[in-house]
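The values are calculated or read from the model by the stated rules, or taken from the named source; none is laboratory data. Remember, it's a predicted structure, so these values are computed and weren't measured experimentally. Cβ sites come from the backbone with ideal geometry, for glycine too, and all protein chains shown count toward neighbours.
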Amino acid sequence: MSGCDSGSESFALMVLGDSMAPEFVEGEIVIIEPDGATRDGSFVLAFVDDEWIFRQLRRANDSVGDGWRLQPLNPAYPARPLPDLAALRGVIIQKALPGRRRASKRYV
């Protein structure tokens, strides 16, 4: 992701890299709602280990207990454990390819 200044208003970021391909490709613009409702399967922006990360939020039911993980869509990247939801900074509510109004998709 490129740049980030979270507040209470929605904001846009450009997707960098291929960790969320094929659903989100490099160069697409995503709209983030800082106060958006999160649930298992939501696409989220999080601040983890001094790094902004864009992933799919998944419930992690394992022997350690109930927690969460940040799951990339591209299997070449590892999932990251997330002990609680405090690291979340917003929910992706829409994406668009710059210059193509019809190439837009909503997630809410």
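A few notes on this one:
- Pair list, Cβ under 6 Å, 6 or more apart: region 61-83 residue under 23 Å from Gly17 (Cα atoms) and loosely packed, with under 14 Cβ neighbours inside 10 Å, other residue modelled with pLDDT of 95 or more and among the aromatic types (Phe, Trp, Tyr): none
- Among the residues making up region 43-52, those that are surrounded by fewer than 19 Cβ atoms within 10 Å (Cβ to Cβ) and either within 15 Å of Pro78 (Cβ to Cβ) or in contact (Cβ under 8 Å) with a residue 40 or more places away in the chain (or both) are Phe47, Val48, Asp49, Glu51, Trp52.
- In region 2-23, the condition of being assigned to a loop (DSSP other than H, G, I, E, B), hydroxyl-bearing (Ser, Thr, Tyr), at pLDDT below 95 and in contact with a helix residue (DSSP H, G or I) (Cβ under 7 Å, 6 or more places away or on another chain) is met by no residue.
- Unique match (being closer than 26 Å to Pro98 by Cα and touching a residue at least 40 places away in the same chain (Cβ under 8 Å)) among Glu9, Glu23: Glu23
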